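Beneath this line is the structure, given in structure tokens, with notes to follow.
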Amino acid sequence: MVVRELLCGSVRFNDLQRGVPRMSSGLLSRRLKELQYAGIIERRESESGRGAEYVLTDAGRELLPILEGMGNWAQRWVRHELTEEENLDPDLLMWDIRRRITTDGIPQDRRFVVRFQYSGVPANRRNYWIFFEQGQADLCIKDPGFEVNLYVSSSIRTMVQIWLGHISIARAIRDESLVIDGSPRDVEAFSSWFTLSSFAESGKGNAA
């Protein structure tokens, strides 16, 4: 899981921890030291001189096709387990969504805010905000206080199924398990900037 985060572009300790939210700081620190000892990663001082960054070595980067193969295998053979209740983590989901989204279809001349609201999770993990500004996207777990342009509501299981390619956005909207509220233009643009998981192609076998 740590190597996966590094392959996805995280280099700072805090960013790595956001990608493995169920791992304690102590355990993550120990895993990083083990990976460093094994020659999988290097620890470097950041260019700013504040803190450290973790980067994959050549040996670490060679793990990419192995992890991709494991992810695709899981989509084909144990896909039902991926959406079982104990595996539904909204923090991890939203961090992955934020990492994959594009700015296609997003207004470039103003701030654009999307609020995601999930059912089936504790009250303090139901709401997330992604706001786009100057070509960048940021994720907030607390209300940033900006006007919301688009509201996206579903159960956490439905959004994970969409994210993994098990069901399509169009199907979820048709059966009302996904509700998107905003201007017609912004609702239509959702599918263009909401980029699915890199393993979604392997999960689309039964999507409609």
Original post:
What FRET efficiency, computed as 1/(1 + (r/R0)^6) with R0 = 41 Å and r the Cβ-Cβ distance, is obtained for residue 138 and residue 77, rounded to the nearest 0.05?
Top reply: 0.70
Original post:
Does region 2-62 come out rounded, prolate or oblate by the C-alpha gyration tensor, with a ≥ b ≥ c the root eigenvalues, rounded set by a/c under 1.5 and, if not, prolate when a/b is larger than b/c and oblate if not?
Top reply: rounded
Original post:
Label-point separation (nm) for residue 173 and residue 57, each offset 7 Å from Cα along Cα-to-Cβ?
Top reply: 4.9 nm
Subject >> Restricting region 112-208 to GluC sites (Glu not before Pro) in coil, as DSSP defines it, with at most 12 other Cβ within 10 Å >> reply: 147, 176
Subject >> Cα centroid separation - region 153-174 against region 67-117, whole Å >> reply: 11 Å
Subject >> Where trypsin sites (Lys or Arg not before Pro) fall in DSSP loop in region 96-139, at most 15 other Cβ within 10 Å >> reply: 110, 111, 126
Original post:
Once the Cβ-Cβ distance between residue 204 and residue 98 is put in as r, and R0 is 25 Å, what FRET efficiency do you end up with, to the nearest 0.05?
Top reply: 0.70
**OP:** Note the listed values (i) 21.1; (ii) 18.5; (iii) 17.2, then indicate which one is Kirkwood radius over Cα pairs in Å calculated from this particular structure.
**Re:** (ii)
**OP:** Would you order 82, 63 from fewest to most other beta-carbon atoms within 10 Å of each residue's own beta-carbon?
**Re:** 63, 82
Subject >> Pairwise FRET efficiency - residue 147 versus residue 7, Cβ, R0 = 41 Å, nearest 0.05 >> reply: 0.70
Subject >> Distance (nanometres) between label positions extended 7 Å along Cα→Cβ at residue 123 and residue 66 >> reply: 4.6 nm
**OP:** With everything on Cα atoms, drop me the angle between helix 25-37 and the longest principal axis of the chain, reported from 0 to 90° to the nearest 10.
**Re:** 50 degrees
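Since every read-out is calculated from the coordinates, none of them should be taken as a lab result. Model, not experiment: these values are computed from the prediction. Every residue, glycine among them, receives a Cβ derived from its backbone with ideal geometry; neighbour counts consider all protein chains shown.
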